[in-house]
1. Amide H of residue 192: which non-local residues (sequence gap of 5 or more, or other chain) have their own amide H closer than 5 Å, using H built in the peptide plane?
2. Sort the following peptides by mean Cβ neighbour count (other Cβ atoms within 10 Å, averaged over residues), highest first: 187-198, 266-277, 33-44.
3. At 0.36 nm per residue, minus the direct Cα-Cα distance, what do residue 150 and residue 234 gain on full extension? Give it in nm, one decimal, please.
Amino acid sequence: MAEDRKMTIVEHLSELRLRLIYSLSAVLSLAVLAYFFRVEILEFLARPLGGGYFLPRSQIPPLLEALRQFFAEEGAGYFTPEQVEALLASFRRLLYMQSGLIFIHPTEAFFAYLKLAFFTGLLLGAPFVLYQVWRYVAPALYQHEKRYFRSSVAFGTGLFFAGVAFAFFIVLPLGIRFLIRMGGPELQAIFTVGNYISFTMIFLIAFGLVFELPVVIYVLARLGIVSPASLRAKRKYILVGAFALAALITPSVDPFTQTATAVPLLLLYELSIFLARFAERRLLGGEREREEGAAI
């Protein structure tokens, strides 16, 4: 063990409390900072709503002006100036409603921004939280175990943010388009800001956790629970599942788009097999060393 003296239960609880306070303080501090940039963060988070389903707000004034000129030139004998203004006001409300997020309760926007700030703080504070986990468990580890755990935390942090980026820039836009198409022409897609933030943030965090698969597989292989052979045996099912998921969420049937979505998931699984093979060799090597030591 790293420490000769074993900690008591009270000391363990005190250390756990300290790490939780540090983690929560970091997340809340980042959340407070994110709240001051809530508008910019929300604008960035709403980017997947593009793709032709929502008209950018910058295009609405020119469109309304074009409609005004059309009514003035072509509808002079059919509409009075008052009727034209009433029509333009109706068009303006409709276009702005369909150009982005809305809120339907007086307090929804306020609490939605609080939710956005908290989730942003949680995402940005994830590396520090993992560092606190490392500080808590490090005294109970042997020196070689510390190296494995430290490298796993660093590698897992990178994979988590890679999963978040992959979900935001590739999967989420395709998924939103698919879900909107499922509504059909009879239903109009209008998203409330609170629901959209919850859906998007949970989606991003879920994908970040999915990208932790290689780290989980590595730990399980080190414990002897899974083997590279068992993972290779399931490779064909993973291949079919990855392309089935890609076909479900991509808006077109072209093979390039589906392959671009499925390949990162397959590479993630292949990386898991590679790490499991590496962990198995280390595990077998450690067992041989212990057997040789016992024989001596």
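1. Amide H neighbours of residue 192, under 5 Å, 5+ apart: 102.
2. For the peptides 187-198, 266-277, 33-44, the packing ranking is 266-277, 187-198, 33-44.
3. Full-extension gain reported as 27.3 nm.
Throughout, read-outs are computed from the coordinates displayed, never taken from laboratory work. Values in this document were obtained by computation on a predicted structure and should not be read as measured data. Every residue, glycine among them, receives a Cβ derived from its backbone with ideal geometry; neighbour counts consider all protein chains shown.
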